[in-house]
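Chemist: Structure incoming, see below.
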Amino acid sequence: MRRCRRNQTANGTHTRGSRMSLGVYFDGFCTTGEMLEISRAAEEAGADSLWFAQHMGFRDALVWPAAAASVTRSIRLVPTAISPYLWPPLPVAMAMSTLAEFAGPRIALAVSVGNVLNLAESGAQPVKPVRVMRDYVEQLRALWAGEPVRHEGEIHGLRGARMNFDRGGGCPLYLASTGPRILNLAGRIGDGVLLSGALTLESCRRMLAAVGAGVAAAGRDARAVRKAGFILFSIAGDGRVARREMLRKLAFLFRSKGHAANIATANLGIDHQAIMDCYARHDPEGALAHLPEEAATVFAVAGNPAECRDRLAAYLAAGFDEPVIEVTGTPEQRRLALEVIREVCAGRAAP
């Protein structure tokens, strides 16, 4: 089995001269059986990590990594992005430590404020997000230290709670966000940062700069903060087919006003309001008319294998340590995606 090999420091961050990493993510939409098949194949192809997105109402991101651990050997397992507004710190610390007991030290955790629409549907209001995220990271780390924890946070209080196993354990914590204040916080206190998908390269550079500002403000070594990002990925032997499929994903994501600033950086003249209006009246096909084909390669990686390899290289040049892609579609599309992972991991070095 060929794997992306890396020189690592004690906390898992990369050193200079390390080879590129490539991750695979699951959005919870496929079946558990399909996830296990792809996880096994991704590790064999050389992928370094598996990320499990916690999309509300779909497969659980804390359960799936345990299942994936049973069919893999060394690939990292990362539930993402667990929100403090829905999951208190003690149950999350317990779940991750239980996963570590089964899977070993190949786990990490991404935490996030969460999708505002999903939070509202779940009855949660994201008040004081920077304070809440700082509290959450501090509480998780304190629990893993093994002593009784007394910490009155903005929304969660720990009044003597403690872990009764895995004392002194824990795992690397990524902060997932696209907002400048949380990105800055990631640079100050995180082991890594995770950007969401459908971002232009310009948006990625701006967001990673906010992380860098936090790193500098805290006097940290920039290499201490791992920079990962979900990259929307669509591949086919005919690049036009892949791009058409990607436009459907983009139209769905752009139904949210949260993408307004990101869309503006593309300079494609996209009528964002028209897309949102189409979804408001349940007309997804109408939304597609407002996205030019070029959007598929400006906001994502989409095309034939050669085009996808080149576009992934562009994300690395934007400052990522680890692009994280989805392996989905027909059996042939999945085969092509895994082949790209194999080729990239075998032959490309990180900047």
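The values are calculated or read from the model by the stated rules, or taken from the named source; none is laboratory data. Source: prediction; values computed, not measured. In this analysis, Cβ positions are derived from the backbone assuming ideal geometry, glycine residues included, and neighbour counts consider all displayed protein chains.
Chemist: Can you find, within the range 219-229, the residue that is farthest from GLU307 (Cα to Cα) among those that are touching a residue at least 40 places away in the same chain (Cβ under 8 Å) and in a helix (DSSP H, G or I)?
Modeler: ALA224
Chemist: Let me ask something else about it. Of (1) loosely packed, with under 15 Cβ neighbours inside 10 Å; (2) in contact with a Gly (Cβ under 8 Å, 6 or more places away or on another chain); (3) assigned to a loop (DSSP other than H, G, I, E, B), ALA216 satisfies all except one. Which?
Modeler: Result: ALA216 fails condition (3) only.
Chemist: Just the residues that are touching a strand residue (DSSP E or B) at 6+ places or on another chain (Cβ under 7 Å) and more than 20 Å from ARG73 (Cβ to Cβ), please, taken from the range 90-102.
Modeler: LEU90, VAL92
Chemist: Residue check: is LEU312 of a type outside the set (Val, Ile, Thr) and farther than 26 Å from ALA110 by Cα?
Modeler: Criteria not met by LEU312.
Chemist: So which residues in the range 230-275 are hydrophobic (A, V, I, L, M, F, W, C), buried (at least 20 other Cβ atoms within 10 Å of the Cβ) and not in a loop (DSSP other than H, G, I, E, B), if there are any at all?
Modeler: PHE230, ILE231, PHE233, ILE235, ALA242, MET246, LEU247, LEU250, ALA251, ILE263, ILE275
Chemist: All but one of (1) at pLDDT 95 or above; (2) at positive phi hold for ALA264; which doesn't?
Modeler: The number of the failed condition is (2).
Chemist: Here is a further query. Please work out which one of (1) outside any loop (DSSP other than H, G, I, E, B); (2) under 28 Å from ALA124 (Cα atoms); (3) among the acidic types (Asp, Glu) is the condition ASP60 fails and give its number.
Modeler: Among (1) outside any loop (DSSP other than H, G, I, E, B); (2) under 28 Å from ALA124 (Cα atoms); (3) among the acidic types (Asp, Glu), ASP60 violates only (1).
Chemist: I'd like the residue in the range 196-213 that is touching a strand residue (DSSP E or B) at 6+ places or on another chain (Cβ under 9 Å) and assigned to a loop (DSSP other than H, G, I, E, B) and, out of all such residues, is farthest from GLU245 (Cα to Cα).
Modeler: SER196
Chemist: Moving to a separate point now. When SER203 is evaluated against the numbered criteria (1) more than 28 Å from PHE52 (Cα to Cα); (2) among the polar types (S, T, N, Q); (3) surrounded by 15 or more Cβ atoms within 10 Å (Cβ to Cβ), which criterion, by number, is the only one it fails?
Modeler: (1)
Chemist: Can you name the residue in the range 89-107 that is of a type outside the set (A, V, I, L, M), surrounded by 15 or more Cβ atoms within 10 Å (Cβ to Cβ) and over 19 Å from SER177 (Cα atoms) and, of all such residues, is farthest from the chain's Cα centre (by Cα)?
Modeler: Checking each candidate, the answer is SER97.
Chemist: Keeping to the range 298-316, report how many residues are without any contact (Cβ under 8 Å) to a residue 60 or more places away in the chain and out of contact with any strand residue (DSSP E or B) (no Cβ under 8 Å at 6 or more places or on another chain).
Modeler: So the answer is 4.
Chemist: In contact with a helix residue (DSSP H, G or I) (Cβ under 8 Å, 6 or more places away or on another chain), at pLDDT below 95 and not small (Gly, Ala, Ser), is that true of LYS257?
Modeler: Taking the combined requirement at face value, the residue satisfies it.
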